[in-house]
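I have placed the structure first, in the form of structure tokens, so that the comments after it can refer back to it.
The values are calculated or read from the model by the stated rules, or taken from the named source; none is laboratory data. On a predicted model such as this, the values are computed, not experimentally measured, just so you know. Note that we place each Cβ from the backbone using ideal geometry, even for glycine, and neighbour counts take in every protein chain shown. Quick note on the areas: whole protein, heavy atoms, side chains included, nothing else; ligands and nucleic acids left out. Shrake-Rupley method; radii C 1.70, N 1.55, O 1.52, S 1.80 Å.
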Amino acid sequence: MAVLHNRVSQKELKQHLLQEKESRITISFYRYYSITDPIVFRDELYTALNVLDVFGRIYIASEGINAQVSVPQSKFDPLKEYLFSIDFLKNVRLNIAIDDDGRSFWVLKIKVRDKIVADGITDPDFNMNKKGHYVDADLFNELTNDPDTIVVDMRNHYEYEVGHFEQAIEVPSDTFREQLPMAAEMLKNAKEKKIIMYCTGGIRCEKASAYMLHRGFQNVFHLVGGIIHYVNQVEEKGLENKFKGKNFVFDNRLGERITEEIIAKCHQCGKPSDTHVNCANEGCHLLFIQCNDCAKKWGGCCSEACYAIVQLPTEQQKELRKGTDKGQNIFNKSRKRMRPGLNE
Ligand SMILES: [Zn+2]
Ligand SMILES: [Zn+2]
């Protein structure tokens, strides 16, 4: 039996990573597939990836696999070979992160979960075997030339806010699980129309397309590889780009500019801006849109109250943070959910 857990401390592991001379490639991939025994598969995968010095975070469920990993450059090909040798991962799309130093992970964690994407679906008849048609950038552009085609953004509202496809509709909810029934409800009179779902990398819209079929929609499509792959294809093939603004990403950049158009507004003064920041008050950390002028005026804070707090000595700030409800304050992404009275 192989050792499936690291016995070394986090600190030591991080140290090992920093001492590595070889650079790493960060890749992500996912695939929906009925895995009969996720635990057995997890153990096999762990043993094989460990040999290849793979770090990262992988989720396995009976519906498939979702992985974000890094691998030393010299072991990229062997990793690819290994993954492709697994029946259901043959030719899986490996998305390579571009602006990444490969230092995001220093340990390999493979977790078995109920779902690879939490969806809140309880109906036992739902499964991922019947999903919508894939569309690539070419076909996406062609289908959306028809004004009757409905394009649905399956990301969070703060992602939609700074960038989306022309004519895309937003499903205004904070979570994917709420979005699914909401999308079906919003489109209930369009069951025969062509509906294209999209998200950042494809994993959410693929599930959404299966859900819409499950709910009786007839012509459901989803954008293969999401916005990321679409933008790459548009550049490679010189196609028309129908995505406007910024593509929100979950790393420090908080967004990749796709076109020069600024489609959002500063949450504080209303001027055009699509720069997401986290409030400089660590006890708040609210994600919101702030223009340069407001950033200067408020020292990167979301409100007068937070601005007052960051003026205090660090010790006092720490004292203030004690006992605050972090669930409410941290990663409170929506303006609507900004605490009342502080942002107006
Ligand atoms: Zn502003
Ligand atoms: Zn704040």
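Once you order the gyration tensor axes a ≥ b ≥ c over the Cα atoms, which shape class does the stretch 85-212 get: rounded for a/c under 1.5, otherwise prolate or oblate by comparing a/b with b/c?
In terms of gyration-tensor shape, prolate.
Determine, from the Cβ-Cβ distance of residue 311 and residue 50 and an R0 of 45 Å, the FRET efficiency 1/(1 + (r/R0)^6), rounded to the nearest 0.05.
Values: r = 49 Å, r/R0 = 1.08.
Efficiency computed from Cβ-Cβ geometry: 0.40.
Cross-link partners among aspartates and glutamates for residue 194, C-alpha distance below 17 Å, same-chain residues fewer than 8 apart left out?
136, 138, 142, 146, 148, 153, 166, 170, 185, 206
Residue farthest toward the positive end of the dipole of the chain, with Cβ of Lys/Arg at +1 and Asp/Glu at -1: which of 139, 220, 281?
Ranked along the dipole, the leading option is 281.
Within 10 Å of each candidate Cβ there may be at most 14 other Cβ atoms; applying that plus a DSSP loop requirement, which chymotrypsin sites (Phe, Trp or Tyr not before Pro) in the stretch 175-272 survive?
Sites meeting the loop and neighbour criteria: 250.
Subtracting the Cα-Cα distance from 0.36 nm times the residue separation, let me have the gained length for residue 321 to residue 175 in nm, one decimal. Can you show the working numbers first?
On the way: separation 146, 0.36 × 146 = 52.56 nm, distance 2.67 nm.
Full extension of this stretch gives 49.9 nm more.
Taking R0 as 45 Å, what FRET efficiency do you get between residue 16 and residue 36 from their Cβ-Cβ distance, rounded to the nearest 0.05?
Result of the calculation: an efficiency of 0.80.
Between exposed trypsin sites (Lys or Arg not before Pro) in the chain, where DSSP calls loop and at most 11 other Cβ atoms lie within 10 Å, what's the longest gap?
The segment 189-321 is the longest one with no such site.
Counting other Cβ atoms within 10 Å, which chymotrypsin sites (Phe, Trp or Tyr not before Pro) in the stretch 3-78 have at most 11 and lie in a DSSP loop?
Answer in residue order: no site qualifies.
Using the beta-carbon distance between residue 80 and residue 239 and R0 = 30 Å, what value does 1/(1 + (r/R0)^6) give for FRET efficiency, to the nearest 0.05? Write out the running numbers ahead of the final one.
Values: r = 27 Å, r/R0 = 0.91.
It comes to 0.65.
May I ask you to list the lysines whose Cα is less than 18 Å away from that of residue 297, ignoring any residue fewer than eight positions away on the same chain?
265, 271
Where Rh denotes the Kirkwood radius from the mean inverse Cα pair distance, what is Rg over Rh for the stretch 1-118?
Looking at the stretch 1-118, the ratio lands at 0.95.
Using a 1.4 angstrom probe on the protein heavy atoms only, line up 269, 302 by accessible area, largest first. Write down the numbers at each step before the final one.
On the way: 269 65, 302 10 Å².
Output order, biggest surface exposure first: 269, 302.
Roughly how many Å is it from the Cα centre of the stretch 139-205 to that of the stretch 88-107, as a whole number?
Cα centres, the stretch 139-205 to the stretch 88-107: 26 Å.
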